Each structure stands twice: as C-alpha cells, then as structure tokens.
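The values are calculated or read from the model by the stated rules, or taken from the named source; none is laboratory data. The structure displayed is predicted, hence computed values, not measured ones. Counting neighbours? That spans all protein chains shown, and the Cβs are built from the backbone with ideal geometry, glycine included. For the accessible areas, the whole protein counts, side chains as well, though only heavy atoms, and no ligand, DNA or RNA atoms are used. Shrake-Rupley method; radii C 1.70, N 1.55, O 1.52, S 1.80 Å.
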Amino acid sequence: MTEYWILAVVFLFLFLLWVLYRSVRKKIGESRSRSYRRKKKEAERISRDGQKDVVIDVQEPPGDPEECWTPRGREISIRGHTISGGLIYVGEHLWNLHNRGVEPALIDPALPIAPHSKRNKMGSFKRGLSYRRISPAARAAYLKWLAGGRRDPSIDPGCLFLFLYGLERRALFDAITSGAARSQIPEIVREIKRLLHLHHFHDPFESRVQDLLDALQAAWPKKRIHSNEPPRGGYQGFYSWRFEFGLGRMVAGNKPIPVDWILPWVMLHPDARIRVPAKRCPEELGALFAKRFQETFGDGVRFKASKSRLRLRYRPLNPTIDYDRILFKSNLYEPLAPKGLATRLFDFFDRCQTELDPYSRALGKNPGARGSLSALALLPEDMIESCMNREAVNFRAWALEKSKKETAGAEKPEEPGALVEVDRFFIAWPTKEKGGFLAPEAMGLARLLERWGMGVEPDPRFGGPPFKVGGKAVLFELPGNASTEPAPEYAAAAILMRLSVMIAAANGDASKAERAYLNNHVQSDLSLSKEEKRRLLAHLRWLLAANPGLHGVKKRLRGVSEADRRDMGWFLITAAGVDGDIRPDEIKLLVKLYRTLDLDPDEVYSHIHAFSTDGSPENGPAATGPSDENREANGASARPGEAPVPGGVERGVSLDMEGVRRKMEETAKVSAVLENIFTEDTEPPVAISSPAPDETLAGLDASHTAMFRELAKRPSWTREEFETLALQFHLPPDGALENINEAAWDISDEPLCEDDDCIELDPDVLKEMLK
Amino acid sequence: MRKNKKIRPKMRDAILQSLRAGVVPRQGLQHIQVGRAGEVEALLSEIERIADGGSAIRFVIGEYGAGKTFFLNLIRSIALEKKIITAHADLTPNRRLQASGGQARTLYAELMRNLATRTKPDGGALPGVVERFATSALGEAGARGVSPETVIGERMDHLSEMVGGYNFATVITAYWRGHDTGNDQLKSDAVRWLRGEFSTKTDARKALGVRGFIDDKSFYDHLKLMARFVRLAGYNGFMVCLDEMVNLYKIQHTRSRNSNYEQILRILNDSLQGASEGLGFLMGGTPVFLMDTRRGLYSYEALQSRLAQNTFAREGLVDLSGPVLRLANLTPEDMYVLLDKLRHVYAAGDETAYLVPDEGLTAFMEHCNKRIGDSYFRTPRTTIKSFVDLLSILDQNPDATWQELIGQTRVEKDPGPVEELVENEKTPPENDELASFRL
C-alpha cells in the first residue's frame, strides 16, 4: 500500500515540474516576439522617411519665397539638370500658404531623383501634387522637362500643374506683398498663354487654367474680360469667369441666350443630371441638343438678372491655397434662369441624353464604332447624316449605286434593284456574332437604308431572316412614303411567294416560266399597294436566289384564315404546274406544304388532278361525306385573288350555256364515233380459217352453214336438242353457237339467239341472215 | 345534234335498269356518253392497235364520281365491238396482281369468270372461246384432211414456247380429247383449270395430267398465254380492265405493295415495248393511287419515271398520248347534257315523247343542288337515279306535271367511296431476320 503512495507522490511531483517548465518557456517567447515587432516597425518608419513630409516644427520660420523664386534667366543646376527658364521655386525650405506644410511647387535639390523609368507618373491630382511626394523617377521627368525649356507637348499633365502651382502662387499671392512678384506678372501671363497654346488641356482643367489667366489679367492690368465665344467645357458646379461675364452681359443687354451658351450652362449647372451619354458622346449630344433646341426654343431663351451683383470666385489650382476666395465683384448682375425655365431646360437636356442612350451604350461596348453603320442605326434619325464616318459614307454610295440597277425589259420580267452579296454589309457593319446579323442589327440596317431611300430584302421588319454570312440580299429603290411594317395582305402574299419559290425550285432552279408566273402574280395582286408590290418583287428575287425554306413559316401562318390558306394551296399547285408538269418531287413538297398550311395533305392529289384536267379548282375534288362539310362552308372553290365564293350549298345552279353548247357538240362528236363503232358492218366476218364453199351463208363455213340451215327450220330448240344437232355436224355446241351468233352480229348487230336452256331464234335476225 | 335514231327497247330497258340500280350499264353506253371525245378517240386508237396484234396500257385516273367505271365499261364495249375479248375485275384486298396467298390467282379467276365476247358481254365466255378454238381447228382439219389433233398440236406449238405454255397446251388438248370422246368431266376439268380454279398440283395431275396449275406467280404469264390463245381462236385480241386499283395503294405492307407495283411495271414495260401480243390493259384508279409519293405508283421509282412524263392539259391543249389518261371531274354543264341524254333514252330516241322540257332539267338540277349541294354533279350516281325515278313516275302518271313532282323527289347524298376493310397484314418486324444468330 505504501508503495502506491510513494508512486503517486512521485508522479505528482513530476507533473508540477512539467507545468512550471511550460509557463517559463511561454514567457521567454513572448518577450522575444515583442522586441522583434518593435524593431520591424522602426525599420519601416526609417525606410518610409524619405517619402514623407517632414513634420514641421511650429517654431520654424515659414521661409522666404523671394529667396526661393528663380526668375527667368537665372540658370540653376539641380541634380545634373540645368534649368535656365526660371519661374520656379527652388530651395530647401518654404512653407505653403496655409503654413502647414511644404510648398508643393518647391523643388528641393536635396531630394533624390531616379534615372528614367516607367514609374515616372506624377500620381493622383486629387490628393494634391507635391514635388516632395512624387517618386524620384517622376521628379527626374519633371526636371528634365524644365531643363528642356518646357517645350515637350507630350509631358505628363501633372508636371504642367506642378509648374502652374508655382506660377499661381507667385502671381496671385506673392504679388500681394512683393513688388518684384508684381513686376513678374506679365511674364507669367505670357508663359501661361504659351502653355495653353502648346497643350491641349482636358476638361475641366482648361477652364481652370483659363480662369487663372483671366484672374491675372483682371487683377493686375485690370483688363476687360473678353467673352464673345462660348466656353469649351468646364467643371460641373462652377462656371468659368468668361462664361459668367458673357452671360451677364447678354442678360444686361436683354438678349436671348443662344444654344451654344445654354448647353454649357445646363451641363455645368450643379442641378443638371449628367449621364453617361453626355460624357461618352459630347459632340453628338451637342449636335442633337442644338437641333432639338432650335425646334423647341427657337433662337434662344431669356434669363433674368438677379438683384445681386456678379461675384467672381477664384478656385486656385494649387490645393494648398485657400479655397473659394472671392476675388472680384463685377458691375454686372448675376444672370438667373427663371425657375420654370431651368426645370424645362434640365428635362429637355435629359431627354436629349435619353435619345442618345442606345448610341452611347454601343460606343461603350465598342469605342471604335463612332460614326459606323452599326452605331448610326442607333442614333435619332435626323442625326444620322451629320454623324457618318467615312466607311458609312462609302457604304451609302455603294448601296445607292446598286439599288438603281433595275432590270426590266420585254424578255425579262421586272426585277427591282440588284442582287448583292451580304458580305459587303459585314465590311461596313462588323457584327457581334461571327455568323451573321442579329435581328435588331438587321432591322437597324434596314432602317438606315430606308432613310437613304432604299429598301433591302430580306427585311426583318417584314418577316425576313437576318442577314447571314455568305448570303444574298436585294437592294432596291423605295420611295420614302413606303410603310415600315407589313400589312396583313403583304404578309400573306410574302408567305405565298416563299412557298411558291420552294415549289418552283423543287427540281433545281426555277424555270423562266415559273419566274414569270410568280412575277405576274405579284404584279396583278390588287390588294397590294405600288410600294408593296415593289418590295414583294424584290423579296421574290431574293427568294429565288436564296430559297430560305420553311423556317418560321408556320408561325406567320397563324393569323391566316382557312379560306386564304386554301387559296394559297391552290396557288401552289398552279405554280408547280405552270411549266406543264408536276413532278413527283414537287408533289412530295406540295404534300409537305399542305401540311404546313394546315390543309389535308391528301387533297394535294385531288387538286393536282383538277388542275391537270381543266386547270380550275371549281371542279376540284368531289365533296362527299361529312368531313367535307367544312370545306364547302369555307368556299373551297374560290380562285386565289378573288373573293371567296360562299359555300356551294347556298350557291345556285348557274349554267354556262356556252359550256353546255360546247359539251353538246363534243357529245355529238363522240356519239357519232360510237355510233360508227356500234353499228359498223363493214368488216369482213370473223375469219374462220377453213376455205368457204360456195353455198355458205352469212360468212359461216360449210358445216356451220349446214347446221344453221337445220337450226333455222324451227323457231325454238331445247338445249339438249341443240347439242344433239351440233353433234350431228361434228361441232362443239358452245363453239357453234358462238360462231353463229358472231355471224348474226356482223349482219344485223344483234345475236340470233340467247344462250339459254331454251334456244329461241330472233325471227328478224334470221330473216336477215337468210337473205 | 340529236340522234333521231330509235333506241331498241331492250337496250333502253337495260340502260335504265342499271341506272336505277346505281350501277354503270353494261351496254348502250354510247347513248348516254357525255363529252370526252378526245379520250374516247385516244383509246379507240389503242383498241385498234390491240386488234392489230399490238399492245397497250392505259391508266384511267379520275376522282370518285368522275366516271371511271363508266368510261372503262364504254371502252370495254368498244373493244368487244372490235372483236376483242375483254376481261374485267375490280381489285379488292383479296384480289391483287401479285401475292403469295392466292390473291393473284383469285384475281385471275375473277377475270376469267368475267371473260366477255360480243355475244356474251356479261362474262362467262371462256367455254365458248375454247370451243370456238376447237371448232376452227376442226374446220381446218376438215379442209386439210388431217386429224383435228394434228391441227391443235400445231397451233399449240405456238403457245408451248411461252412460259407455262406447255401446261396450257396440254389442257387445251385435254379439252379437245374430252369433246372428242364425249368425256364431259374432262372438258369441265379443263375449263376449270383455265379458270384458275385448281389450287393443288395433285388435283391438276389427277384430273388433267398436267404438272402445274395457274397460281399467283404465273398470273401475268397466263394472261399473255390467254391473249395468244384468243387470237388463235379467231378473235382480234384480249383486253384486261382492272378497276379500283386504289386497293393496291391501300396495302399497308410496303414489300407486298411494291411487289404489286413491280408487276405493274412488268406489264407496263411489256406493253410499251410491244412484248405482249394483242394484249391491252386498262387500269382505273384515283389521283392518290397515281401520285402519292409514299404509297402510290409514284412511290415506285421506275414507274414514276415512266408515268410522270406526259405533260398535262394547258390552255385547251390536251395531250392524251401518254400512259396516263386523266378524266376531268364533272361539271354542272356535263350534268345538264347527261340529263338531256337520259330523257332521250327514256323516250327511246323519240324527241316528241320527252317527259320533261329543257326548263325541267335546270329545275331538277336546282332542286338537287338545294338538297345535297354541289355533290349532285360531282358524284352523279344518286342524281341520275332520282332523275330516272322521276321520269318513270311521270311516265306512269300522265296526269302529274313535272313541276309538282320535282319538289317531292328525294335525292340522297352519295356516301362516298366505300372504305373497304384494308387488310392488315402483319408487318414483320424489320430486323427479325437473323436478329440473334450465333454458332
């Protein structure tokens, strides 16, 4: 028992030892990792230090701008770049105007520069540029530009602005206190003008640089701001000085404000809704706005002058300069749009943007599409003309030339337009899908062509399939007043043509006769207008070239009445038979088409038969049985193109007496022929090959004559008696009777006796035979 | 225009009786034929070709009610008049051109039963024809001073060279033997054999000593033999009229339908090439039978190319020379002329005895139109029947006027073609041959 106790105590001791060891180890590890982290942070701080603003000691003096400013002509060398143009701040210490940091335009020669590399971008404008904060490579680029006389037009705009920050500070703010700075203003103005001339600033910077220039000119030489031209762009929420002045002057002169002023006014107004189209296609929007504005507002709208004077605020380029300081007050009154008018203008602008939405979206998907056919098709109609690119202009010229090629003449039926390869469309209009146009695209093209006075077939708006690579299309001239959607008559006629072309092409190409037949049918269709006929002829031409088959026909047949479908069926039969013959493959196809037309396919045969005998469905299939009631009620026998005749039941008997007369004549003719046959007596009697002895009768041979003479003695014989008689003359009884009757028939057109149990002789015939 | 020739009372009665029963008359058709001069003339030339030892085949295609049967009968009676023997039969599910279950033999038997000569236009002329052959042989034997057997033997030599000709010749000789020895049993056996009534070899051998009989396979060969034989018997030729060919179209089983079409092709080829001597075929069918590309004649490639050749009537120009003869459907004008003809027949050709004036005809048509619509002229069977009934009432009641009777005449609508029960042959499954075969 005691051993157990000892063991337990030993184990407990060991366990305690282990716990102690664990806790000590953990403590040591923690202290190690803490010191590691601290060291790492320190290292990071040190490595960052070169990039960061030096924290400014409040006690430090702000530095003297006069010392740092380098005027034009003073040559200075920074890190190997010799800059002779001046107009920059160079030095190690100059506070910004807030006194809260280093002047961003200050070039600190102590800061390192890196050799030229890709990372020479200036960085974001929003956070504020600063020579101190840009990368060493960007610094190098900036110095290089300065050293090159600030002439490189492709310089990063950041460099320009960094430079402008300095000019701005010098001219607008140092000049307040320093005479030297004031005297440098003309030089600075010249420099800004030169830069404006040299560089194309993107909106909205141009207006801001312009503002700077205007501010300088207004502030120091006190020049009048010229503003006859409307500004180009700006910054939403702020109008440029020139703009405000211009507006103010127009309001003061009580002049209407023209559209080229209104558009910037709307676009820069803080309440305007600027959407994607305005940004993506400003030119098109401007043109559209001008057009619509002219229609709605005429020459312009009038603003009124508010009671307060026009104050001009200057927004400095340099973000470290105080914002929103009012620099000037004008004599003019602030121009103000009457409230209702402003709302109207905003709505109006929004509508213009909406009109451009599809176009803008297309440009968004494919920025290269500007002015191409595919984008043009999405523009409002009156914009197309002004927005075409060269490719579009070429295409239009080509299409117009093609569409004028008419082929008509005595030999050929009229065929409008010309058959063209669809691939030419693809060159002008690269489509999204490789294989062909999508339906909306094809519709767009059709609409474009229509605008240019042309029609195209197949036209998806009229039920045609979209263009496919390698396909054909027909371009034709079409008057502008033609309808843009199919009338029910046209739709039905187009389907009919489609089916007919299938029939015509069932055995290879459509024959000349078939083409002419279909053409004539279109020409003589009274339910179609002239333009529709023209379109249908072009459609027909396309069908003959492409033969698109049955795809989609069934869907379009839904609205067609049964009577019309029957007429169609009959027309197909006539179209198939127009070349004088309906071949089995045509029949096969007809059956298929009848099924498509929802007609009884078995009727095909009846109809072909009716057509092939007298070519009219009036005498079509026999109407028998209850299943045919419907057909009668639906006027099955109407010819295509005519109003369906009411069902046969109601129709009275109308005899064509001319027909009756003809029929009677034909009947008389056939009766004469038959009469001739049935009473003919000229042929020699049946040749019974034995030579006829002298005393034969009625063409019978000797033994038959003898038997006949015996037979003639009694008017009637029983069958047994007759057979006995025949045996006397060694003749088979049936054969003898057949021969005698044959002879009788030859003479008197009637048999001598009937083959019966009792054989009775016809006395008249007997008399004639005995003659 | 009107024939003033009297119509024989017997013929008149026969015509009227048939019409009242709703069937096509067997004789006197020339009195009621309306129009179709071109078609009749075309077939007349065919008949003459047959009579000259040539061959012919025509497919008479027309809708139900267009008068196919009438036309076939007319042509048949013309043929009879030209001393051509005719045989006619309607095809049914049990009578076909080619079969393995005895249907072709049945058709042959039916044809032989309906074998007609001018003197026996209603059929049953086979014994007469055979006897006439015997008689002519007898006459020749008498003239040449040889035994009749010798003459028959010589003549039969012409037949023996043909397929199945030897048996045929043996049977004919047996007939003569029966005649000569007064063995009526032998004679009637021989005629029965010729009619195709033997169905086993044993029976045939026992009765006539021949090894074969007329079966499904030899159907057409025997028709050819018969054609040769009737010419030997002194007739001009043999014409086979097959009506209701649409029954072939109705055969469900493709293989058996095609084998029938193959038989037609064989007949057609023989006819067009002149291989069959003095043999003509007339086949009546509907447009579906001809043109259906799945089951009609056009479904059989070889027939299609031979039959689809002739172009059809356009602008009054008619081509009737091809093997297919299309009968136009009837028109109200046809009906008018037909009614006119009927009253002419009823008056036995005496114009003064007409029971109904011209206005009566139109009034009657008007009445029918009201009752049954335009089927009164499309399927004229019932209209004709009613008209003949009307004439007969007028005839029996001289006091009654046509005006009051027309209103009371009952006209029933033709029920349409009788859909015969199509024999549903059990179609063997496509792949039952060697479906699973393993050694």
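Of all the criteria given as (1) of a type in the set (D, E, K, R); (2) within 25 Å of residue B:232 (Cβ to Cβ); (3) part of a helix (DSSP H, G or I), the one not satisfied by residue B:277 is (3). The single condition among (1) modelled with pLDDT of 85 or more; (2) in a helix (DSSP H, G or I); (3) surrounded by fewer than 17 Cβ atoms within 10 Å (Cβ to Cβ) that residue B:224 does not satisfy is (3).
Return yes or no: is residue B:57 out of contact with any Leu (no Cβ under 7 Å at 6 or more places or on another chain) and either open to solvent by less than 20 Å² (accessible area, probe 1.4 Å) or assigned to a loop (DSSP other than H, G, I, E, B) (or both)?
no
The condition of being in a helix (DSSP H, G or I) and among the small types (Gly, Ala, Ser) holds for only one of A:272, A:305, A:290, that being A:290.
Quick one: would you say residue B:265 is away from chain A (no Cβ under 14 Å), outside any loop (DSSP other than H, G, I, E, B) and open to solvent by less than 10 Å² (accessible area, probe 1.4 Å)? Steps first, please.
Values: away from chain A (no Cβ under 14 Å): yes; outside any loop (DSSP other than H, G, I, E, B): yes; open to solvent by less than 10 Å² (accessible area, probe 1.4 Å): no.
When the stated conditions are applied, residue B:265 does not pass them.
Taking residue A:470 as the residue in question, decide whether it is out of contact with any Gly (no Cβ under 6 Å at 6 or more places or on another chain), surrounded by fewer than 18 Cβ atoms within 10 Å (Cβ to Cβ) and without any contact (Cβ under 8 Å) to a residue 40 or more places away in the chain.
no
Taking first residues from the stretch A:132-153 that are at negative phi and partners that are of a type in the set (Lys, Arg), the Cβ contacts under 8 Å between residues at least 6 apart in sequence or on separate chains come to A:135/A:119; A:135/A:121; A:137/A:118; A:137/A:119; A:138/A:119; A:138/A:121; A:140/A:79; A:143/A:79. Number of residues in the stretch A:513-523 that are open to solvent by less than 20 Å² (accessible area, probe 1.4 Å), in contact (Cβ under 8 Å) with a residue 40 or more places away in the chain and of a type in the set (A, V, I, L, M) equals 1. Selection within the stretch B:328-356: residues that are outside any loop (DSSP other than H, G, I, E, B), away from chain A (no Cβ under 13 Å) and of a type in the set (Ser, Thr, Tyr). The member of this set that is most open to solvent (accessible area, probe 1.4 Å) is B:352. On the given criteria, is residue B:25 open to solvent by 20 Å² or more (accessible area, probe 1.4 Å) and either modelled with pLDDT under 85 or among the polar types (S, T, N, Q) (or both)? For residue B:25, the condition - open to solvent by 20 Å² or more (accessible area, probe 1.4 Å) and either modelled with pLDDT under 85 or among the polar types (S, T, N, Q) (or both) - is not met.
State which residue is most open to solvent (accessible area, probe 1.4 Å) when the search covers only the stretch B:193-221 and only residues that are of a type in the set (Asp, Glu) and either in contact (Cβ under 8 Å) with a residue 60 or more places away in the chain or within 28 Å of residue B:56 (Cα to Cα) (or both).
Looking at the filtered set, the residue picked out is B:197.
Residues in the stretch A:345-380 that are closer than 30 Å to residue A:256 by Cα, open to solvent by 50 Å² or more (accessible area, probe 1.4 Å) and out of contact with any helix residue (DSSP H, G or I) (no Cβ under 9 Å at 6 or more places or on another chain): 1 in all.
Between B:113, B:95, B:76, which is over 25 Å from residue A:701 (Cα atoms) and surrounded by fewer than 21 Cβ atoms within 10 Å (Cβ to Cβ)? So that I can check it myself, show each step before the final result.
On the way: B:95 fails: surrounded by fewer than 21 Cβ atoms within 10 Å (Cβ to Cβ); B:76 fails: surrounded by fewer than 21 Cβ atoms within 10 Å (Cβ to Cβ).
Only one candidate qualifies: B:113.
Of all residues in the stretch A:460-475, exactly one satisfies the criterion of being part of a loop (DSSP other than H, G, I, E, B) and either among the aliphatic types (A, V, I, L, M) or at pLDDT 85 or above (or both), namely A:469. Here residue B:63 passes the criteria (1) away from every other protein chain (no Cβ under 14 Å); (2) among the acidic types (Asp, Glu); (3) under 20 Å from residue B:323 (Cα atoms) except the one numbered (1). Scanning the stretch B:30-54 for residues being more than 8 Å from chain A (Cβ to nearest Cβ) and among the aliphatic types (A, V, I, L, M) gives a total of 6. Can you find a residue in the stretch A:566-586 that is without any contact (Cβ under 8 Å) to a residue 40 or more places away in the chain and open to solvent by 40 Å² or more (accessible area, probe 1.4 Å)? No, the stretch A:566-586 contains no residue that is without any contact (Cβ under 8 Å) to a residue 40 or more places away in the chain and open to solvent by 40 Å² or more (accessible area, probe 1.4 Å).
Against the test of being in a strand (DSSP E or B) and at pLDDT 80 or above, the options A:131, A:89 yield a single qualifying residue, A:89. Any residue in the stretch B:72-94 that is away from chain A (no Cβ under 14 Å), in a helix (DSSP H, G or I) and under 29 Å from residue A:607 (Cα atoms)? Within the stretch B:72-94 (the criterion being away from chain A (no Cβ under 14 Å), in a helix (DSSP H, G or I) and under 29 Å from residue A:607 (Cα atoms)), the answer is yes, since at least one residue qualifies. Per the conditions (1) in contact with a Leu (Cβ under 7 Å, 6 or more places away or on another chain); (2) within 14 Å of chain B (Cβ to nearest Cβ), the sole criterion not satisfied by residue A:534 is (2). The residues of the stretch B:60-71 that are part of a helix (DSSP H, G or I) and open to solvent by 10 Å² or more (accessible area, probe 1.4 Å), listed by number, are B:68, B:69, B:70.
When the stretch A:134-152 is limited to residues that are in a helix (DSSP H, G or I) and more than 24 Å from residue A:96 (Cα to Cα), the one that is least open to solvent (accessible area, probe 1.4 Å) turns out to be A:147. Of all the numbered requirements in (1) open to solvent by 10 Å² or more (accessible area, probe 1.4 Å); (2) of a type in the set (Lys, Arg); (3) part of a helix (DSSP H, G or I), residue B:118 misses one, and that requirement is (3). Within the set B:228, B:266, B:257, the sole residue that is among the basic types (Lys, Arg) and in contact with a His (Cβ under 8 Å, 6 or more places away or on another chain) turns out to be B:228. Among the criteria (1) touching a residue at least 24 places away in the same chain (Cβ under 8 Å); (2) within 23 Å of the chain's Cα centre (by Cα), the one residue A:510 does not fulfil is (2). Only a single criterion out of (1) within 21 Å of residue B:221 (Cβ to Cβ); (2) among the hydrophobic types (A, V, I, L, M, F, W, C); (3) surrounded by fewer than 23 Cβ atoms within 10 Å (Cβ to Cβ) is not satisfied by residue B:308, namely (1). Screening the candidates A:441, A:401, A:391, A:385 for the property of being part of a helix (DSSP H, G or I) and open to solvent by less than 50 Å² (accessible area, probe 1.4 Å) yields one hit, A:441. In the stretch A:1-45, of all residues being open to solvent by 100 Å² or more (accessible area, probe 1.4 Å) and at pLDDT below 65, the one that is farthest from residue A:96 (Cα to Cα) corresponds to A:39. Number of residues in the stretch B:359-416 that are in a loop (DSSP other than H, G, I, E, B), under 19 Å from residue B:17 (Cα atoms) and hydrophobic (A, V, I, L, M, F, W, C): the value is 1.
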